[in-house]
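Please read the structure below before turning to the comments.
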Amino acid sequence: MSVSLGLPRLRSAGPAPSGAPTGAGLMDRHGRRATDLRLSVIDKCNLRCTYCMPAGGLPWLPAAQLMTPAEITRIVTVGVHRLGVTELRLTGGEPLVRPDLEDIVAAVRTTHPELPVSVTTNGIGLTTRAAALAEAGLTRINISLDSLDAATFRALARRDRLADVLAGAEAAAAAALAPVKINAVLMAGVNDHEAPELLSWALDHGFALRFIEQMPLDADHGWTRADMVTADQIRNRLATRFRLVPHPGPREGAPAELWDVHPRTPTAGTGAGDAPLGTVGIIASVTEPFCADCKRTRITAEGRIRSCLFSHEEVELLPLLRAGATDANLAERWRAAMWAKPAAHGMDHTGLDSPDYVQPERSMSAIGG
Ligand code: SAM
Ligand code: SF4
């Protein structure tokens with residue numbers, strides 16, 4: 001069974017809303033400036049994570065609607081040269097499902113050697129592609145992994161691919177894409193007991209682990225607060241095996257709160273001043289939102305601007321580009337779209353469901369997480 005892909009409202013391509021600046025970067029009405037571009041290269045995926053995709057998949061976009069490497073590079077160029085974009089992350093769907101991901105990375109990096117380009121992936125296929133991605137100029141990689149237990153992985157991702165993901169992570173490290181970052185989403189009663197195990201594994205391999213609170217962006221609309229594992233609960237789980245100390249230094253708008261990880265019981269003769277085993281990040285998008293510091297702008301796989309993960313509106317960019325628009329036209333439309341960015345996602349952090357929150361029509365894989 002496939003599920004219909006609810007599409008958000010498309011905002012008309014009229015002139016910039018009143019008050020929108022014409023010269024500055026991607027400013028919004030709330031004083032934030034977006035510099036971090038998340039661009040989805042494909043909506044399709046080879047896993048079906050329960051918190052993201054429906055079991056039957058979604059109606060995939062036809063190939064002709066996806067952006068080509070040249071179109072992606074043009075959009076990135078507009079972002080960098082005219083709008084102050086300083087960072088690019090390629091996501092999906094599953095970016096490695098695109099056979100030309102290496103071409104995309106190479107095209108962008110050749111045009112913008114100074115721009116850090118990272119990819120978020122489930123890691124399947126990295127064993128044969130990590131070296132080519134590094135060669136193409138990929139700066140960093142985030143690999144999503146929620147369980148080290150094959151049966152739990154299968155239940156969560158609805159595919160029996162744990163071994164491929166583990167091998168992919170090793171291949172990324174071997175290809176010098178280090179430090180490899182690992183993203184994990186915990187679900188109550190499914191994999192939350194694995195938090196300390198995941199952290200031990202990541203520390204042993206030199207990977208930087210970040211836990212992400214599950215957000216209500218699943219296609220099945222099955223998210224509940226009761227099943228969501230909060231940042232507080234994650235810290236408590238980790239405290240059964242480790243001692244977490246706030247990582248020194250400014251957070252600077254980064255979504256992950258960083259903790260230094262120490263052994264739970266200091267070994268004899270050692271004290272609190274000892275070097276940590278490593279760090280762990282916790283991204284508390286729901287219970288400790290960081291919307292006020294958000295620096296993100298998003299482009300969906302079919303080339304639409306989304307000002308926020310939780311937007312109910314999108315603005316077409318790719319059709320304008322394909323119709324022969326100038327870079328100035330594209331920049332103007334992008335600026336206008338970002339000016340309308342909502343102040344926050346509408347979920348409160350008191351533990352009660354906010355009446356202001358309405359789940360976006362698109363689910364995570366179709367937005368580009
Ligand atoms: N397929 C790639 C992957 O899984 O890394 C890239 C796309 S995926 C949508 C990007 C990230 O979003 C993954 O780390 C995934 O765990 C996360 N994600 C997906 N659905 C989520 C949800 N409902 N809440 C929080 N994170 C979610
Ligand atoms: Fe695919 Fe990533 Fe969504 Fe899992 S989280 S279904 S790997 S897009």
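The values are calculated or read from the model by the stated rules, or taken from the named source; none is laboratory data. Remember, it's a predicted structure, so these values are computed and weren't measured experimentally. Cβ atoms come from the backbone with ideal geometry, glycine included; neighbour counts cover every protein chain shown. When the accessible area is computed, the model is the full protein with side chains, heavy atoms only, and any ligands, DNA or RNA have been set aside. Shrake-Rupley method; radii C 1.70, N 1.55, O 1.52, S 1.80 Å.
Data overview
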{"quantity": "Carbon + sulfur, % of accessible area of the chain - ligands and nucleic acids excluded, 1.4 Å", "calculated": "55"}
{"quantity": "Leading residue at positive end of dipole, the chain (Cβ point charges), from A157, P216, I75", "calculated": "I75"}
{"quantity": "Rounded accessible area per residue of the chain, 1.4 Å, Å²", "calculated": "41"}
{"quantity": "Kirkwood-based Rg to Rh ratio, the chain, C-alpha trace", "calculated": "0.96"}
{"quantity": "Sites matching GluC sites (Glu not before Pro) across the stretch 92-158 that sit in DSSP coil, with at most 16 neighbouring C-beta atoms within 10 Å", "calculated": "E114"}
{"quantity": "Theoretical FRET efficiency, 1/(1+(r/R0)^6), r = Cβ-Cβ of R264 and A155, R0 41 Å, to 0.05", "calculated": "0.90"}
{"quantity": "Across the chain: Cys residues that no other cysteine approaches within a C-beta distance under 4.7 Å", "calculated": "C45, C291, C294, C308"}
{"quantity": "Förster radius 56 Å - calculated FRET efficiency between N236 and N329, Cβ distance, rounded to 0.05", "calculated": "0.60"}
{"quantity": "For the chain, share of DSSP beta bridges that run antiparallel, in % to the nearest 5", "calculated": "35"}
{"quantity": "Cβ charges +1 (Lys, Arg) and -1 (Asp, Glu), total dipole of the stretch 2-367, debye", "calculated": "640"}
{"quantity": "Among 293-303, 78-88, the order from most to least packed when residues are scored by Cβ within 10 Å on average", "calculated": "293-303, 78-88"}
{"quantity": "Radius of gyration, Dmax [the stretch 58-181; alpha carbons; angstrom]", "calculated": "15.3, 48"}
{"quantity": "Karplus (6.51, -1.76, 1.60) ³J(HN,Hα), θ = phi - 60°, over the stretch 185-196, in Hz, Gly and Pro reported as x", "calculated": "10, 9, 10, 4, x, 10, 9, 5, 5, 8, 3, x"}
{"quantity": "Segment A24-A343, extension gain: residue separation times 0.36 nm, minus the distance between their alpha carbons", "calculated": "112.9 nm"}
{"quantity": "³J(HN,Hα) computed for each position of the stretch 309-317 - Karplus, 6.51 cos²θ - 1.76 cosθ + 1.60, integer Hz, glycine/proline x", "calculated": "3, 9, 5, 9, 10, 9, 10, 5, 10"}
{"quantity": "Listed residues L156, L321, L198, most fluctuating in the chain (Gaussian network, C-alpha, under 10 Å)", "calculated": "L321"}
{"quantity": "Hz values of 3J(HN,Hα) by residue in the stretch 33-41 - Karplus curve (6.51, -1.76, 1.60), Gly and Pro given as x", "calculated": "10, 8, 10, 10, 9, 9, 10, 8, 9"}
{"quantity": "Förster-model FRET efficiency, 25 Å R0, T111 and A178, C-beta, rounded to 0.05", "calculated": "0.50"}
